[in-house]
Ligand SMILES: C[S@@+](CC[C@H](N)C(=O)[O-])C[C@H]1O[C@@H](n2cnc3c(N)ncnc32)[C@H](O)[C@@H]1O
């Protein structure tokens, strides 16, 4: 099983963000395996760079780029008054969330800046402008149906055959969390284009086995 470098894991553990270590290790393993295709690894949902650190390390090992997409204004549940709001990532001048500065500091401290291409924008718009194939897509963006569906429809078609699609926060039981990521996971499986490779807590790793999307 491929593991991140100890210093990468230490940087991941101290970074602000939402990914538990067990899922992070599974994410790294999937990204490292996908790197063999020689195609870029892409993440939707940078936030402050916690999971990006792991993708950057896997990309460095494989000699490919890690690309991460976020508008950096936060998801619904991260806005003021909501459960996951962090007032330290609000731009005091305009009063809106801005996770980009924290993300840049995180990557700099981890020594991984040169392995990451950060795209600031809305996922469906970036996906619509995207031209090439990807070896790996990690969906961890907005958790409403609108956003999760936009991420799936925008990015799943770009996954190369043999490439990997990872979806975070998949909760089959509604008591454990929102259902939008679960619904796109079911949709990926039902398409016939993906088969399941592994399940680690709420992280689902799928491999593209054919056309169909
Ligand atoms: C759950 S956080 C990502 C967590 C991160 N992967 C980590 O490991 O800590 C979700 C992120 O998705 C971003 N986001 C939500 N909807 C988006 C959209 N439509 N386009 C781009 N980014 C979006 C939010 O700004 C937020 O930073």
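What is the order of 173, 98, 151, 91, fewest Cβ neighbours within 10 Å to most?
Working: 173 8, 98 18, 151 27, 91 14.
Fewest-to-most ranking of 173, 98, 151, 91: 173, 91, 98, 151.
At 0.36 nm per residue, and after removing the present C-alpha to C-alpha distance, how many nm does the segment from residue 190 to residue 153 gain when stretched out fully?
Values: separation 37, 0.36 × 37 = 13.32 nm, distance 1.38 nm.
Taking residue 190 through residue 153 to full extension adds about 11.9 nm, to one decimal.
GNM on the chain, C-alpha springs below 10 Å: top fluctuator among 166, 197, 89?
Between 166, 197, 89, it is 197 that shows the largest mean-square fluctuation.
How high is the relative contact order of the chain, in percent, counting Cα pairs under 8 Å that sit 6 or more residues apart? Each step should come with its number before you reach the end.
On the way: 424 pairs, mean separation 41.7, N = 213.
Relative contact order, the chain: 20 percent.
Determine, for 82, 155, the number of other Cβ atoms within 10 Å of each Cβ, and report the residues in order from fewest to most.
Values: 82 11, 155 24.
With the fewest neighbours first, 82, 155 line up as 82, 155.
Name the residue, out of 73, 22, 50, whose mean-square fluctuation peaks in a Gaussian network model built on the chain with Cα pairs under 10 Å.
Answer for the Gaussian network model of the chain: 22.
For the chain, what does -39500 (n - 2.57) per DSSP helix run (n ≥ 4), summed and divided by total residues, give at 222 nm, in deg cm²/dmol to the nearest 500? If you can, show how the numbers build up before the last one.
Values: 7 runs with 77 residues, N = 213.
So the calculated ellipticity at 222 nm is -11000 deg cm²/dmol.
If we restrict to alpha carbons, what Rg and Dmax does the chain come to, in Å?
Rg and Dmax of the chain, Cα atoms, are 15.9, 48 Å.
So what's the stretch 1-89 giving for Cα Rg divided by 2.2 N^0.38 Å, two decimals?
Details: Rg = 13.8 Å, N = 89, 2.2 N^0.38 = 12.1 Å.
My calculation over the Cα atoms of the stretch 1-89 gives 1.14.
Could you please rank 57, 201, placing first whichever residue has the fewest other Cβ atoms within 10 Å of its Cβ? Numbers along the way, then the final one.
Values: 57 27, 201 14.
Taking fewest neighbouring Cβ atoms as first place, the list is 201, 57.
Given 37 °C and 0.692 mPa s, compute D for the stretch 165-213 with the Stokes-Einstein relation, Rh being the Kirkwood radius over Cα pairs; round to the nearest whole µm²/s.
Numbers: Rh = 10.9 Å.
Answer from the Stokes-Einstein relation: 302 µm²/s.
Between the stretch 41-105 and the stretch 151-213, how many Å separate their Cα centres?
A separation of 21 Å, based on Cα centres.
Of the residues 23, 146, 61, which exhibits the maximal mean-square fluctuation in a Gaussian network model of the chain defined by a 10 Å Cα contact cut-off?
The residue with the greatest mean-square fluctuation here is 146.
Bear in mind that the values in this text are calculations on the coordinates, not laboratory data. Since the model is a prediction, treat every value here as computed from it, not as a measurement. Neighbour counts run over all protein chains shown; Cβ positions are idealised from the backbone, glycine included.
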